[in-house]
Amino acid sequence: MAFAFTLGVVCPARAAGTPERRVLSAAQTKSLQRRIAGYVERVAAGKASRATAGALEKIVQQAPFPLAAEAAAALAHYHRSRNELETALEVLAPWVPPKAGPAHLHPKASLEQVRCLHAQGKLTEALPILQWIAEQCPDTTQIEAAKFAGDLCAELLQFERAISFYEWALKLVALHFPYPDPGGADKRRREQLMALIAETKRRWDVERYGADFVAYRDADRLRFAGKPAQALDKYAEVIAQYPGTAYSEAATVYSGYCCRDLEEYAKAEELWRDMLENPWGLYRGEICLALANMEFEYRLRPEKAEYWYRKAIEWMDKVKLVDSRVSAFTVPGQALAVSAPPAAMKEQKAWIGPPDWAQVKPGTVINRRTCRWYLNKLRLDAHGKLALILFLAGNAKAAQDEIGAILKYDEYEKSLHTQQRPNSYTRLHYEFGIGCLRADEEEFAAFTGRARTMVAIGDYYYEVEDWKAARNIYDKMARLHGTGKPHLSRNAEAYVVHMQGMCRQMLHEWDSAMTYFRRFREGGEFRGTPSWPKAMFGQKHILMQTQGRDEAIEILKEIMRYAKGTDSERRALLHMGEMLYWGRRYAESAKVFESYVKRYPDKALSAPAYLNDIYRDTNGKYGQPTTEESGE
């Protein structure tokens with residue numbers, strides 16, 4: 001095809017019998033672009049008249065490419081809005097396949113062609129055109145095309161393909177909007193696409209796993225997200241729509257949890273009452289335990305909680321004999337895998353360190369029929385909390401006997417105990433004997449009444465390495481008894497803040513942990529409290545993990561400055577020598593270790609070894625050889 005070049009505008013040569021296309025100056029081109037944009041707005045708003053259509057027809061006939069194609073797209077939109085689909089496609093024909101050549105294909109015209117085909121129900125014909133636009137178009141029309149392709153696939157029930165198109169559109173948004181758009185167009189597009197992806201995944205899951213499972217999982221997700229009121233409404237829908245199923249049974253249990261979290265305790269008891277009447281019900285033991293935990297952790301009434309803990313234990317001792325009575329509550333086969341609980345009670349996620357408690361996902365159906373470790377987990381919780389109640393009542397020996405359940409029902413902790421390695425059983429057995437848990441004697445003495453019960457519960461969770469549960473208890477204490485509230489002494493408040501940081505440290509939430517630990521350093525808010533040096537060491541540990549070695553050394557100097565004559569001063573001196581050594585600051589490290597040996601000769605186990613290593617690494621310039629190394 002021949003082309004005419006005028007003022008930077010490429011015009012196709014006029015075919016025989018067609019109106020002559022005008023050659024426009026740059027100013028005329030801009031003016032016509034504004035007119036077309038105005039017509040496009042009118043058509044989109046449904047305000048276009050026949051006169052508007054006539055003006056667009058004239059532009060289509062006379063204007064050069066690509067203005068004629070843009071006008072054709074607007075004119076086709078006008079006809080489509082009047083359900084004149086064949087007329088619309090005729091208008092677009094010169095600018096879309098198969099009539100248009102590669103030089104005259106126009107994305108906006110092609111996109112309007114797709115809308116017309118969609119209106120005709122020709123979805124499979126429309127998809128390849130959208131894919132071409134999304135691949136070839138250099139502007140944001142790409143995003144619209146990829147999204148439209150996703151919409152068509154979803155309409156065709158091709159959910160997996162629809163999700164891939166939406167995700168592609170999301171990537172195109174990032175490509176076209178690398179920086180935040182002042183008008184918020186990028187944010188709106190992202191939010192719309194993410195909502196479409198979530199909804200399409202949900203529809204796909206309904207097809208694969210069943211509407212009952214998806215409804216149950218939706219409710220679960222709200223509960224896991226800390227939205228108990230919304231979750232309660234969704235669980236009610238599950239109970240009403242799918243009665244007599246595994247999902248409705250689980251939904252009834254978790255509805256009670258939502259009421260408990262909303263502090264509607266009587267409503268929780270009412271929801272669970274019918275399930276308690278069946279002595280061998282699928283969730284009866286869990287409900288007994290939930291009632292016990294509600295009395296102990298939420299209402300802080302250990303004497304009432306003890307009754308329910310004993311009921312839970314009694315039920316668990318007998319329940320294995322009657323599993324046949326709950327065979328009706330089975331998960332449908334299509335959702336069996338996706339609703340399955342983790343394979344083990346504890347999961348090793350990192351290659352070193354202790355395993356984590358299994359994380360149950362929303363949608364999991366967990367009971368004694370679906371999970372082989374379910375009863376053991378309930379037993380550990382019931383016996384452990386009962387031991388804690390006995391400890392708080394002053395019956396240390398009975399508490400130590402009760403905590404032996406850890407060795408019976410937790411294989412991992414049992415193996416650690418057998419190997420004489422640190423474990424939950426040994427820690428709690430020892431602490432029940434000395435009269436305090438994670439908090440030392442001075443710290444624990446700072447708590448009285450209900451606060452003493454709460455801090456003991458938090459410490460218990462910490463010692464069994466359920467750091468999320470411990471964090472929730474300490475956070476609740478801070479809300480109830482924090483700064484500006486007269487319920488806690490300075491020593492008690494310092495301990496709570498310290499443990500808020502410690503839980504986050506154990507969860508590797510470094511930045512969050514530091515917000516709590518820094519309160520011990522900045523302004524000296526808690527300096528002089530028993531928890532102060534512990535929180536300072538906590539800061540040091542995090543800084544070592546996050547390349548903050550110099551600041552960590554300054555923290556150790558502060559500990560030595562304000563904790564003179566204490567074991568914390570000794571530990572800080574030793575840690576400083578180690579940090580200087582690992583930073584290859586051998587001269588400074590040698591001085592610190594030499595000072596340590598002189599001041600603490602009866603506790604200088606590792607310092608001489610470090611001095612020997614420094615002597616070796618510096619060829620005798622610093623440090624001291626051991627007797628063996630020096631030949632003496």
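A few comments on the model shown:
- 10 Å beta-carbon shell around L170, net charge (K/R +1, D/E -1): +3
- Every helix of 4 or more DSSP H residues in the chain counts as -39500 (n - 2.57), and over all residues that averages to -20500 deg cm²/dmol at 222 nm.
- Gyration tensor (alpha-carbon) shape descriptor, the range 139-224, a/c threshold 1.5: oblate
- Farthest towards the positive end of the charge dipole of the chain, among the residues M194, Q230, Y283, is the Cα of M194, using unit charges on the Cβ of Lys, Arg, Asp and Glu.
- Only aspartates and glutamates eight or more places from K540 in sequence, or on another chain, were considered; those with a Cα closer than 12 Å are D550, E551, E554, E558.
- Residues whose amide H comes within less than 5 Å of that of K346, counting only those at least five positions distant or on another chain, are A358 (H built at 1.01 Å from N in the peptide plane).
- Highest to lowest packing among 259-270, 598-609, 228-239, 211-222, scored as the average C-beta count within 10 Å: 211-222, 228-239, 259-270, 598-609
- Dipole check for the range 182-235: with +1 at the C-beta of Lys and Arg, -1 at the C-beta of Asp and Glu, and the Cα centre as origin, the magnitude is about 220 Debye.
- Only protein atoms count toward the accessible area here, which uses a 1.4 Å probe; on the range 97-255, the carbon and sulfur part of that area reaches 54 percent.
- Residues of the chain: accessible area per residue with a 1.4 Å probe, Å²: 50
- For the chain, the longest principal axis of the C-alpha atoms and the axis of helix 607-617 are separated by about 50°.
- Hypothetical label at A26: residues of the range 49-79 whose amide nitrogen lies under 20 Å (7 Å Cα-Cβ projection): 64-67
- Which label in [x] 31.1; [y] 36.2; [z] 26.5 gives the computed Kirkwood radius over Cα pairs in Å: [x]
- Residue among P362, Q400, T426 farthest towards the positive dipole end of the range 332-460, charges placed on Cβ: P362
- Charged side chains reduced to their Cβ positions (Lys and Arg at +1, Asp and Glu at -1) give the chain a dipole of some 1300 debye around its Cα centre.
- Reachable aspartates and glutamates, given that their alpha-carbon falls under 12 Å from the alpha-carbon of K99 and they are not under 8 places away in the same chain: E90
- K557 - accessible surface, heavy atoms, 1.4 Å probe, Å² rounded to 10: 90
- Selection of trypsin sites (Lys or Arg not before Pro), the range 95-149, meeting DSSP coil and at most 15 other Cβ within 10 Å: K99, K122
- A simple count of charges around Y242, restricted to other residues whose Cβ falls under 13 Å of its Cβ and scoring Lys, Arg +1 and Asp, Glu -1, yields -2.
- Acute angle (nearest 10 degrees) that the helix 467-481 long axis makes with the longest principal axis of the chain, alpha-carbon atoms: 80
- Taking the protein heavy atoms of the range 343-397 in the context of the full set of protein chains, the accessible area attributed to carbon and sulfur is 56 percent at 1.4 Å.
- Restraint check, K147/K201; K304/K361; K304/K385; K377/K468; K564/K598; K227/K361, Cα-Cα greater than 20 Å: K304/K361
- Take L130: with every protein chain present and a 1.4 Å probe, its accessible area is about 0 Å².
- Classified by the C-alpha gyration tensor, the range 558-609 has an oblate form. Its axis ratio a/c, with a ≥ b ≥ c, is 1.5 or above, and a/b does not exceed b/c.
- Relative contact order for the chain, counting Cα pairs under 8 Å that sit 6 or more residues apart, in percent: 4
- Net charge in the neighbourhood of V206 (other residues with Cβ under 14 Å of its Cβ; Lys, Arg +1, Asp, Glu -1) is -1.
- Helix 123-136 vs. the chain, principal-axis angle (Cα, 0 to 90°, nearest 10): 80
The values are calculated or read from the model by the stated rules, or taken from the named source; none is laboratory data. What you are looking at is a predicted structure, and each value in this text was computed from that prediction instead of being measured. Note that each Cβ is placed from the backbone with ideal geometry, even for glycine, and that neighbours are counted across all protein chains shown. The protein model used for the area step is the full one, side chains on, heavy atoms only, and it has no ligands, DNA or RNA in it. Shrake-Rupley method; radii C 1.70, N 1.55, O 1.52, S 1.80 Å.
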